[in-house]
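Enquirer: Sending over a structure as structure tokens; questions will come in a sec.
FYI, it's all coordinate maths here, none of it is from the lab. On a predicted model such as this, the values are computed, not experimentally measured, just so you know. Positions of Cβ are backbone-derived with ideal geometry, glycine not excepted, and every protein chain shown enters the neighbour counts.
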Amino acid sequence: MIFRYTILYVEQVADTLAFYQQALGLENSFLHESGDYGELSTGETKLAFSSHSLMQSLGKRPQHPNPERPVFEIAFETQDVARALERAKQAGAKVVQDVREEPWGQTTAYILDINGYLVEICSPVQLPSPE
């Protein structure tokens with residue numbers, strides 16, 4: 001079994017795809033003609049979005065993210081966190097945490113996407129060298 005995709009529920013799928021393209025440079029791989037479902041290429045795993053209205057028509061009761069009390073985050077790895085954060089800000093992302101060097105050897109920053117989902121922009125974790 002493989003982890004294929006994560007689906008986030010949003011009001012406007014096309015607007016969300018455009019945001020991630022502008023903010024993080026991700027590639028749109030699919031948008032259904034209805035506009036109710038779309039996917040971004042992120043390597044082996046896809047980041048997908050489904051509209052609230054589609055989920056409601058399927059008998060689900062999707063909730064909106066609560067930026068004050070997030071229950072998860074998605075993370076995107078890059079070698080240049082500061083540059084990626086600046087790009088995200090220019091695309092309309094709200095900064096939650098500016099660039100910071102973490103004690104475990106990673107650089108991190110946090111934003112909210114246009115839907116209020118928490119997104120981490122981070123460098124690879126720098127593992128200690130074996131002695």
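Enquirer: I'd like the orientation of helix 13-24 relative to the chain: the angle between its Cα long axis and the longest Cα principal axis, in ° from 0 to 90, rounded to 10.
Expert: Compared with the principal axis, the helix lies near 10 degrees.
Enquirer: Hey, with R₀ at 25 Å, roughly what FRET efficiency would Ala82 and Ala18 work out to, going by the Cβ-Cβ distance, to 0.05? All intermediate terms of the calculation are to be shown ahead of the outcome.
Expert: Numbers: r = 23 Å, r/R0 = 0.93.
The value I calculate is 0.60.
Enquirer: A further question follows. Given a Förster distance of 35 Å, report the FRET efficiency between Asn28 and Trp104 from their Cβ-Cβ distance, rounded to the nearest 0.05.
Expert: Details: r = 33 Å, r/R0 = 0.95.
Once the sixth-power term is evaluated, E becomes 0.60.
Enquirer: Work from the charge dipole of the chain (Cβ charges, +1 for Lys and Arg, -1 for Asp and Glu, about the Cα centre) and give the residue of Ser34, Thr16, Leu58 farthest towards its positive end.
Expert: Leu58
Enquirer: Considering only DSSP beta bridges with both partners in the chain, what is the antiparallel share in %, to the nearest 5?
Expert: 65 percent
Enquirer: Within the set of other residues whose C-beta is less than 12 Å from the C-beta of Val99, count the net charge using Lys and Arg as +1 and Asp and Glu as -1. Spell out each step's value before the answer.
Expert: Values: positive: Arg83, Lys89, Arg100; negative: Asp80, Glu86, Asp98, Glu101, Glu102, Glu120.
Spelling it out: positives minus negatives among the neighbours equals -3.
Enquirer: What is segment 1-78 by shape, rounded, prolate or oblate, if you read a ≥ b ≥ c off the alpha carbon gyration tensor as root eigenvalues and call it rounded for a/c under 1.5, prolate for a/b larger than b/c, and oblate otherwise?
Expert: Numbers: a/c = 1.43, a/b = 1.20, b/c = 1.20.
Since a/c stays below 1.5, the shape of segment 1-78 is classed as rounded.
Enquirer: How many nm separate the modelled label positions at Ala75 and Gln126, each set 7 Å beyond the Cα in the direction of the Cβ?
Expert: 1.6 nm
Enquirer: So, one more: Can you give me the P(r) profile for segment 23-131? Cα pairs, bins 5 angstrom wide beginning at 0, each as a whole percent.
Expert: 2, 11, 17, 20, 20, 14, 8, 5, 3, 1, 0, 0
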